[in-house]
Amino acid sequence: MAEPFQIYFAGDLFDHKDLIGNSLLQAHIENISEGRYICGLPQDLGEDIDPQSIRNRNYKEILESDLALFNFDGNELDSGTVAEFIFAKFLDVPSVIFRSDFRSSGDQGSLGDDWNLMLSFFPRTRSFQYNSMAWYKEAKAAHQTNEAVIQEIYTKVATSLIQVLDEVRQEPPLMGNNQIDPELIYQWAALVPGSDFTPLVSDKTYLKNLVLQKKQKGVL
């Protein structure tokens, strides 16, 4: 079996609905893709309580990930998720945005995305939106148990996301097309967050091997 693609899964993780929902979707993506995609949830990345350590750990996970998945639910997007999305885009990480919130939001009008326009139109980025209320009512009408409802909804979401992940992964890397050395970009990215992040990732051998691994997988 080919080496799996590591996905950074960003989104809200502040209440029981966020935590359990993230975990359920992670499990369904991994199971339905038969291990092709492995999701790393920030909520499962250790027990750091220092804010700077948490930030550095999450940025390091993005740096090392092959793809990224961003949950853009809510009238106001989670600011941490937005920061992580921008960092991923500067690293040319293939990304998928998904939104289950059925409320209209953002500033793009009825034909645009339901989030701030400054987060749209990036290359190597796909989106998937669905109406969670409509899907819930359909599943509830079709099944007698909550377990069956949950299974149907998360199977549908995971299957759709896997398809979009497959699609965005096929888009050619920006750096290769523009004859830019990825190692230089990653060396710069190691410096940008500053503080104690830089010593974690600035070793040139580490960055060289990381870039090589991503090239071998076709994502960089």
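The values are calculated or read from the model by the stated rules, or taken from the named source; none is laboratory data. Model, not experiment: these values are computed from the prediction. Every residue, glycine among them, receives a Cβ derived from its backbone with ideal geometry; neighbour counts consider all protein chains shown.
Values for this structure:
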item: Residue check for Ile54: out of contact with any strand residue (DSSP E or B) (no Cβ under 9 Å at 6 or more places or on another chain), within 30 Å of Met133 (Cβ to Cβ), β-branched (Val, Ile, Thr) and not in a loop (DSSP other than H, G, I, E, B); result: no
item: Selected residue [of a type in the set (A, V, I, L, M) and touching a Leu at 6+ places or on another chain (Cβ under 8 Å)] from Leu91, Leu111, Leu117; result: Leu91
item: The stretch 167-199 - residue that is assigned to a loop (DSSP other than H, G, I, E, B) and among the aliphatic types (A, V, I, L, M) and, of those, nearest to the chain's Cα centre (by Cα); result: Val192
item: Count of the stretch 30-55 residues which are more than 12 Å from the chain's Cα centre (by Cα) and either of a type in the set (Phe, Trp, Tyr) or modelled with pLDDT of 95 or more (or both); result: 7
item: Single residue of Ala148, Ala158, Ala139 found to be under 28 Å from Leu24 (Cα atoms), at pLDDT 95 or above and in contact with an Asp or Glu (Cβ under 6 Å, 6 or more places away or on another chain); result: Ala139
item: Residue count, the stretch 85-135 (criterion: in contact (Cβ under 8 Å) with a residue 12 or more places away in the chain, farther than 22 Å from Cys39 by Cβ, of a type outside the set (Gly, Ala, Ser) and assigned to a loop (DSSP other than H, G, I, E, B)); result: 8
item: Selected residue (criterion: surrounded by the fewest Cβ atoms within 10 Å (Cβ to Cβ)) from residues of the stretch 1-29 that are farther than 29 Å from Ala190 by Cβ and of a type in the set (Asp, Glu); result: Asp15
item: Per-region count, the stretch 39-59, residues within 18 Å of Thr155 (Cβ to Cβ) and β-branched (Val, Ile, Thr); result: 0
item: Unmet requirement for Glu61, which otherwise passes all of (1) buried (at least 16 other Cβ atoms within 10 Å of the Cβ); (2) part of a helix (DSSP H, G or I); (3) at pLDDT 95 or above; (4) out of contact with any Pro (no Cβ under 9 Å at 6 or more places or on another chain); result: (4)
